[in-house]
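Engineer: Let me give you the structure first, and then I'll get to my questions.
Every number here is computed from the coordinates shown, using simple stated rules; none is lab data. Since the model is a prediction, treat every value here as computed from it, not as a measurement. In this analysis, Cβ positions are derived from the backbone assuming ideal geometry, glycine residues included, and neighbour counts consider all displayed protein chains.
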Amino acid sequence: MKNNILVIGSGAREHAIVRALDRSSQEKEIYCLASNMNPGIAELCDEILIGNFNDPEFVVSYAKEVGATLAIIGPENPLANGVADALLNTNVKVVGPKKDLAQLETSKAFTRDLLNEYKIPGGPKYQNFNSMNGVADFLNILGENYVVKYDGLAGGKGVKVSGDHLHSHDEALAYCQELVNNDGEFVIEEKFIGEEFSLMSFCDGETLKHMPAVQDHKRAYEGDSGPNTGGMGTYSDANHSLPFLTDDDIAQAHDINLQTAKAVKDKFGVGYKGILYGGFMATANGVKLIEYNARFGDPEAMNVLSLLESDFIDICNGISNGALDKIDVRFSNKATVCKYAVPEGYPDNPVKDKPIDVSKIENPDGLFYASVDFKGTSLVEAGSRTVAVVGIADSISDAEKIAEKDVSSITGPLFHRKDIGTDKVIQKRINHMREIKC
Ligand code: AMP
Ligand code: GLY
């Protein structure tokens, strides 16, 4: 049967998804519902249409028009709006969980309560609030190490961490009051100390097949300073672990993802079909869960999909048909480093509509377009993370050199983090892990 595949979203993550689909030798047509004219996606798709992909009715009508048999949902907002449910109701198979199950990403309190209820390891001490009642007492119990999380999608901006964004209980109380004033619900939880990593699993509701571990860099500037971003760059290692993790750490993360998938199935009576992305922290007391996302990470998708050796269409059909146990999922044993070039001023006051030039890139297969558009015939930056490049080699060190050379060759009012994936930063992560474990 011919695969008519609809990809939702048009950033670098979706460019990586479309590339992985395009590599399949199966007969296929690929369509994309986009928020911007991504030239990398446009080149590989039968059609790219700009439209509101957060609207379930619109997505369903487009899926019918193109005869979609399978849809892959890239970003979180369509999941939060029930786009997967609407597509499933019209018999389109979907890679992406139903709205109830996507609460793993859309509600911090849901996820904390789920781990607690099903006795899944890795959760912090926490309490949910919708008023100031009990807030000061709970902060006193946690002492110096606490995190306040707005309970909803906020693009990473709703989370404030002690010592980082909040410097006293007074500041924490003021932030909680602000959330209460805006009718917000929030979670206060114990702050973990350690090294973060992303462990994503393909999940068909029953079976999980895990992807290589990746480390992201959320802060805008070198040395992990400056404001939080969607992620400035990522790396993965040839052995599919990370230099600061043990085999047991990876096994713990796999187990938490597996138990979580089982728990949501038990709770809702339907399986989680999509990408289950655990944001973990390796600590002195084992692996802890920071958050779940209900989709591929961006930039993590560029690392792992660049390594995928198996047929991605088979994997997607396996996820949606509940047959992942029969599907071969293999990644090559190479290291990757991904670096984003972002607009000057990003994330707070990004330059927009200025031309960029990517023609000096040496590895076009490692170039992923993100927030770009066209002004006449020139490629311009559209205000968010602009383009990503991926270097692939036997070691992280060599992959970094490839990525750095390519990202530096891009001209325009952009910047990137030179330090991601460098030997110095990797050693710093290893030392940090050693220090906290003694
Ligand atoms: P989230 O949106 O929950 O991923 O939080 C954004 C960032 O805040 C994470 O990537 C972590 O760096 C930090 N963070 C969130 N929860 C915790 C926690 N319990 N302990 C330490 N850091 C955290
Ligand atoms: N890389 C972080 C995210 O995709 O949420």
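Engineer: State, to one decimal in nm², a quarter of the convex hull surface area for the C-alpha atoms of the range 320-366, i.e. the direction-averaged projected area.
Structural biologist: Values: hull surface 28.4 nm².
It is 7.1 nm².
Engineer: So, one more: Of S225, Q259, Y235, which is farthest along the charge dipole of the range 200-262 in the positive direction, counting Lys and Arg as +1 and Asp and Glu as -1 at C-beta?
Structural biologist: The listed residue farthest towards the positive side: S225.
Engineer: Moving on. Grab the beta carbon distance between E43 and D137, set R0 = 41 Å, and tell me the FRET efficiency rounded to 0.05.
Structural biologist: The computed FRET efficiency comes out at 0.10.
Engineer: Where a ≥ b ≥ c are the square roots of the eigenvalues of the C-alpha gyration tensor, would you call the range 336-411 rounded, which needs a/c under 1.5, or, failing that, prolate if a/b is larger than b/c, or oblate?
Structural biologist: Numbers: a/c = 2.76, a/b = 1.77, b/c = 1.56.
Prolate is the answer for the range 336-411, as a/c is 1.5 or above and a/b outweighs b/c.
Engineer: Taking the number of other C-beta atoms within 10 Å as the exposure measure, put C338, C176, C438 in order starting with the fewest.
Structural biologist: On the way: C338 34, C176 24, C438 5.
Sorted ascending by nearby Cβ count, the order is C438, C176, C338.
Engineer: Let me ask something else. Evaluate the relative contact order of the range 201-345 (contact order divided by residue number), counting alpha-carbon pairs under 8 angstrom at least 6 apart; express in whole percent.
Structural biologist: Values: 257 pairs, mean separation 45.5, N = 145.
Reported relative contact order: 31 percent.
Engineer: If you place +1 on the Cβ of every Lys and Arg and -1 on the Cβ of every Asp and Glu, how big does the dipole about the Cα centre of the range 48-156 come out, in debye to the nearest 20? Could you put the intermediate results ahead of the total?
Structural biologist: Details: 9 positive and 12 negative charges, 48 e Å.
So the magnitude is around 240 debye.
Engineer: Strictly over 32 Å apart at the Cα level, which of K273/K437; K93/K360; K2/K339; K2/K273; K288/K424 would you flag in this model?
Structural biologist: Values: K273/K437 36 Å; K93/K360 40 Å; K2/K339 35 Å; K2/K273 21 Å; K288/K424 25 Å.
Among K273/K437; K93/K360; K2/K339; K2/K273; K288/K424, the Cα-Cα distance tops 32 Å for K273/K437; K93/K360; K2/K339.
Engineer: Most exposed first by the Cβ proxy, i.e. fewest other Cβ within 10 Å, how do S10, S408 rank? Before the final figure, lay out each step's value.
Structural biologist: Values: S10 30, S408 14.
Fewest to most other Cβ atoms nearby, the residues stand as S408, S10.
Engineer: What residue among T246, T234, T106 shows peak mean-square fluctuation when the chain is described by a Gaussian network model with Cα springs under 10 Å?
Structural biologist: Of T246, T234, T106, the Gaussian network model singles out T246 as fluctuating most.
Engineer: Just how many % of Cα pairs in the range 186-317 lie over 21 Å apart, if you round to the nearest whole percent? Kindly include the intermediate steps, with their values, before the conclusion.
Structural biologist: On the way: 3724 of 8646 pairs.
So the pairs more than 21 Å apart make up 43 percent of the total in the range 186-317.
Engineer: Stretch L173-N285 to full length: gain in nm at 0.36 nm per residue minus the Cα-Cα span?
Structural biologist: Once the chain is fully extended between L173 and N285, it gains 37.5 nm.
Engineer: Once the piece of chain linking Y221 and S378 is laid out straight, how much longer is it, given 0.36 nm per residue of separation minus the C-alpha distance between them?
Structural biologist: Numbers: separation 157, 0.36 × 157 = 56.52 nm, distance 2.79 nm.
Contour length minus the Cα-Cα distance gives 53.7 nm.
Engineer: Can you list the HN-Hα couplings for the range 41-46, worked out from phi with the Karplus curve (6.51, -1.76, 1.60; θ = phi - 60°), rounded to whole Hz and with x for Gly and Pro?
Structural biologist: Each residue of the range 41-46 in turn: 6, 4, 5, 9, 9, 6 Hz.
Engineer: Cross-link partners among aspartates and glutamates for K191, C-alpha distance below 15 Å, same-chain residues fewer than 8 apart left out?
Structural biologist: E144, D164, E291
Engineer: What would the Debye formula give as log10 I(q)/I(0) at q = 0.26 Å⁻¹ for the alpha-carbon point model of the range 30-86, no solvent?
Structural biologist: Summing over Cα pairs of the range 30-86 leads to -1.17.
Engineer: Based on Cβ point charges of +1 for Lys and Arg and -1 for Asp and Glu, what charge dipole magnitude is obtained for the chain about its Cα centre, in debye rounded to the nearest 20?
Structural biologist: Details: 44 positive and 64 negative charges, 44 e Å.
I would put it at about 220 debye.
Engineer: Strictly greater than 16 Å: what percent of every Cα pair in the range 280-352 meets that? Please list the in-between numbers first.
Structural biologist: On the way: 1849 of 2628 pairs.
The calculated P(r) of the range 280-352 puts 70 percent of pairs beyond 16 Å.
Engineer: Taking the Cα centre of the chain as the origin and placing charges on Cβ (Lys, Arg +1; Asp, Glu -1), which of I250, A282, A174 is farthest toward the positive end of the dipole?
Structural biologist: In the chain, that residue is I250.
Engineer: Ranking H210, H167 by Cβ neighbours within 10 Å, fewest first, what do you get? Before the final figure, lay out the partial values.
Structural biologist: Numbers: H210 20, H167 10.
Fewest-to-most ranking of H210, H167: H167, H210.
Engineer: Now a separate question. Between D353 and Y118, what length comes free when the chain is fully extended (0.36 nm per residue of separation minus the Cα-Cα distance, one decimal in nm)?
Structural biologist: Numbers: separation 235, 0.36 × 235 = 84.60 nm, distance 4.88 nm.
Full extension from D353 to Y118 adds 79.7 nm.
Engineer: Ok, one more. May I have the convex hull volume per residue, in Å³, for the Cα set of the chain?
Structural biologist: Normalising the Cα hull of the chain by residue number yields 139 Å³.
Engineer: For the range 1-119, compute Rg over Rh where Rg is the Cα radius of gyration and Rh is the Kirkwood radius from the inverse mean 1/r over Cα pairs. Write out the running numbers ahead of the final one.
Structural biologist: On the way: Rg = 15.0 Å, Rh = 14.7 Å.
Checking Rg against Rh, the ratio lands at 1.02.
Engineer: Need one number: nm distance between label points at F58 and A154, each 7 Å from Cα along Cα→Cβ, rounded to one decimal.
Structural biologist: Computed distance between label sites F58 and A154 equals 2.7 nm.
Engineer: Do the alpha carbons of any pairs in K149/K267; K149/K375; K160/K405 sit beyond 30 Å of each other, and which pairs?
Structural biologist: On the way: K149/K267 24 Å; K149/K375 39 Å; K160/K405 35 Å.
Long pairs (Cα-Cα over 30 Å): K149/K375; K160/K405.
Engineer: If you average 1/r over every pair of different alpha-carbon atoms in the range 72-186 and take one over that average, what Kirkwood value in Å do you get?
Structural biologist: Working: mean 1/r = 0.0634 Å⁻¹.
The Cα-based Kirkwood calculation yields 15.8 Å.
Engineer: Hey, another quick one. R0 = 25 Å: FRET efficiency of N363 with R23, Cβ-based, nearest 0.05? If you can, show how the numbers build up before the last one.
Structural biologist: Working: r = 16 Å, r/R0 = 0.63.
After rounding, the FRET efficiency stands at 0.95.
Engineer: Oh, and also: Taking only C-alpha pairs under 8 Å that are 6+ residues apart, what is the relative contact order of the range 366-438 in percent?
Structural biologist: Values: 63 pairs, mean separation 14.9, N = 73.
In percent, rounded to a whole number, it is 20.
Engineer: Can you tell me the dipole magnitude for the range 89-210 around its Cα centre, using point charges on the Cβ only (Lys, Arg +1; Asp, Glu -1), in Debye to the nearest 20? Could you put the intermediate results ahead of the total?
Structural biologist: Details: 12 positive and 19 negative charges, 94 e Å.
Charge dipole, the range 89-210, about its Cα centre: 460 debye, nearest 20.
Engineer: Now a separate question. Relative contact order of the chain, please, whole-number percent, based on alpha carbon pairs below 8 angstrom and at least 6 residues apart.
Structural biologist: Details: 1021 pairs, mean separation 71.6, N = 438.
Answer for the chain is 16 percent.
Engineer: Further question: Quick one: what are the phi-derived ³J(HN,Hα) couplings along the range 212-227, Karplus 6.51/-1.76/1.60 with θ = phi - 60°, whole Hz, x for glycine and proline?
Structural biologist: My calculation for the range 212-227 gives x, 6, 9, 10, 9, 10, 7, 7, 5, 10, 4, x, 6, 10, x, x Hz in order.
Engineer: Peptides 360-373, 191-204, 297-310, 424-437: what's the order by average Cβ count within 10 Å, highest mean first? Before the final figure, lay out the partial values.
Structural biologist: Values: 360-373: 18.8, 191-204: 22.3, 297-310: 24.2, 424-437: 14.6.
Peptide ranking by packing, descending: 297-310, 191-204, 360-373, 424-437.
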